[in-house]
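A short write-up of the structure that comes next.
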Amino acid sequence: MSFLLRAALVIGTLSYFALRKDGAAPVPPAAAPLAGSVPALAEALPAAFQALPAEARERIAREGLAELSRRLSVPPSQDTLAEADRRPAWRGAEAR
C-alpha cells in the first residue's frame, strides 16, 4: 500500500513540475469542494460498512482484529545478521 502512495506522490510531483516547465503555473484546485467532502465521507463509510452482508462484516472485523493483534504482539526484530552470517564457516576437508 505504501508503494502505491509513493508512486502516486512521485507521479503527481512530476506532473506538476512538467506543467510548470511550460512557463504557466498550474491553476490550483478550489479548496471549498474538498472541505465539504470530508464530513460527507465520514458519514458515508459507516453506512457503506452496514450495507455489506453480515458474513462480510464479520470476516472484515475478524481479519482486521487478527492482523492488528499480530502486529501489536510481535515486537519488530532488531537483528541485523543475514542468514549467511548465522552459519559458521566450514572447517575441515573440502569436498572434492
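Readers should treat all values here as calculations from the given coordinates under stated rules, not as data from a laboratory. Note that this is a predicted model, so its numbers are computed, not measured. Positions of Cβ are generated from backbone atoms using ideal geometry, with glycine treated the same way; all protein chains shown enter the neighbour counts.
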For Ala7 and Leu52, what does the FRET efficiency come to when R0 = 35 Å and r is the distance between their Cβ atoms, rounded to the nearest 0.05?
0.75
With a sphere of radius 13 Å drawn around the Cβ of Leu65, what net charge do the other residues whose Cβ falls strictly inside it have (Lys, Arg +1; Asp, Glu -1)?
+2
Modelling each spin label as a point 7 Å along the Cα-to-Cβ direction, I'd like the Leu45/Ser77 distance in nm, to one decimal.
3.3 nm
For the pair Leu19 and Arg91, how long in nm is the line joining their label points, each one 7 Å along Cα→Cβ?
6.7 nm
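How much net charge surrounds Asp79 when only the other residues with a Cβ under 15 Å from the Cβ of Asp79 are counted, with Lys and Arg +1 and Asp and Glu -1?
Within the 15 Å Cβ shell, the charges total 0.
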